[in-house]
Amino acid sequence: EGNKMESESGAPEMPFVCLTDFQAQARERLSKTTWDYIEGGAGEGFTKEDNIAAFKKIRLRPRYLKDVSEVDTRTIIQGEKISAPICISPTGFHCLAWPDGEMSTARAAQAADICYITSTYASCTLEDIVATAPRGLRWFQLYVQRDRQLNKQLIQRVESLGFKALVITVDVPITGNRRHDIRNQVDLKTNLLLKDLRSPKESSGPCLQMSSIDPSNCWDDLSWLQSITQLPIILKGILTKEDAELAVKHNVQGIIVSNHGGRQLDEVLASIDALTEVVAAVKGKIEVYLDGGIRTGNDVLKSLALGAKCVFLGRPILWGLACKGERGVEEVLNILKNEFHTSMTLTGCRSVAEINRDLIQFSRL
């Protein structure tokens, strides 16, 4: 009975079989303030809900009598191999969910052989994250700070630590209207010590703050970032063909179609609904990824059918972390990977290269 977990009462607990099982358990384990911070969307939470609901408007068109005895989920992003097109989005403050925080997340990502994007607002130092999972594929998410020197120092540090790409979040010139956090009087700047801009040798030093994100950051500033780094630059938060075309024009290497999990501007398009126009606009010149609302293997398949190269998970990773730490994150990734393998098999796709637009249709609900 090794796989049955025992509850505190000694009775066997039901195993976790899908991502929402982790959500329910995480809700019980976390404080209300932490839960509201992780789960909360901006405004009325319309986009947060729509991110999930929009996937349900897409139907699958399976093809049968194909030899699916061997199905390969592996793919390549920015030239690096990953075991499946399911990676980890940047989310801040993992120590809120589990004591080891980002170190647990990084170890789970390394074990799963997928990419983990570390947030500017990580609660562990970058050095500790790298030391605990030295072989993992890592990208770094940057909020461009007002202090240029600070940006430069951080980018140089990230490069020297072996991060393989720089993910610039573009949808936070200011923080969205997150009602839960305002009600709960959440102040992460004072409640959590941000270790990211201090090298391990410094006990004090410049501290990253939400308020120091540069709202004047614009397209022309990308050339400065490109001049100080060799890393591929990926823009996270693009939702329109106009911005996608500008991204190509400014020679970035990738786009993550994202609405910040519905945490920034409410009533924007669901990520999956914005994906099609972004993919059409880039004309295959750069890789396009997606985050927001991925909860099942079918969601992954639908995203790839609409042109995403890979999807990234936000909240589900924190649910796994809150439930079982590193093992929870590994389980979340494995469940999704297995569901995706099943979705591929049952639609007749033997490799990710075979996943295409013919597999889906939008239902007329």
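The values are calculated or read from the model by the stated rules, or taken from the named source; none is laboratory data. Small disclaimer: the values here were computed from a predicted structure and weren't measured. Counting neighbours? That spans all protein chains shown, and the Cβs are built from the backbone with ideal geometry, glycine included. To get the accessible areas, we keep the full protein, side chains included, count just its heavy atoms, and leave off ligands, DNA and RNA. Shrake-Rupley method; radii C 1.70, N 1.55, O 1.52, S 1.80 Å.
Observations on the structure shown:
- Residues in the stretch 121-134 carry Karplus couplings, in order, of 9, 5, 9, 10, 5, 4, 4, 5, 5, 5, 5, 7, 9, x Hz; the curve used is 6.51 cos²θ - 1.76 cosθ + 1.60 with θ = phi - 60°, and Gly or Pro positions show x.
- For the peptides 117-125, 84-92, 15-23, the ranking by packing is 84-92, 117-125, 15-23, with the highest mean count of neighbouring Cβ atoms within 10 Å listed first.
- Solvent-accessible surface of the stretch 222-324, averaged per residue with a 1.4 angstrom probe and all protein chains in place: 31 square angstrom.
- Solvent-accessible area, 1.4 Å probe, carbon plus sulfur percent, for the chain: 50 percent
- One chain, two ends: Glu159 and Phe362. Fully extended at 0.36 nm per residue, the span grows by 68.9 nm beyond their Cα-Cα distance.
- Kyte-Doolittle mean at least -0.5 and Cα axial length at least 30 Å: DSSP H helices in the chain: 315-347
- Packing, as the average of other Cβ atoms within 10 Å across residues, places the peptides 170-181, 309-320 in the order 309-320, 170-181, highest first.
- Each listed q (0.08 Å⁻¹) maps to a log10 I(q)/I(0) for the chain, found by the Debye formula over equal Cα scatterers with no solvent: -0.38.
- Across the cross-link table entries Lys302/Lys337; Lys164/Lys324; Lys309/Lys337; Lys241/Lys285; Lys48/Lys283; Lys81/Lys152, which are compared at the Cα atoms, the separations over 18 Å belong to Lys164/Lys324; Lys48/Lys283; Lys81/Lys152.
- Looking at the chain, the DSSP beta bridges with both ends there are about 25 percent antiparallel.
- Over the chain, dividing the summed -39,500 (n - 2.57) contributions of all DSSP H runs of at least 4 residues by the number of residues returns a 222 nm mean residue ellipticity of -11000 deg cm²/dmol.
- Average accessible area per residue (Å²) across the stretch 18-63 - probe 1.4 Å, nucleic acids and ligands excluded: 52 Å²
- Computed on the stretch 1-155, with alpha-carbon pairs under 8 angstrom and 6+ residues apart, the relative contact order is 14 percent.
- Over the chain, relative contact order from alpha-carbon pairs under 8 Å, at least 6 apart, %: 27 percent
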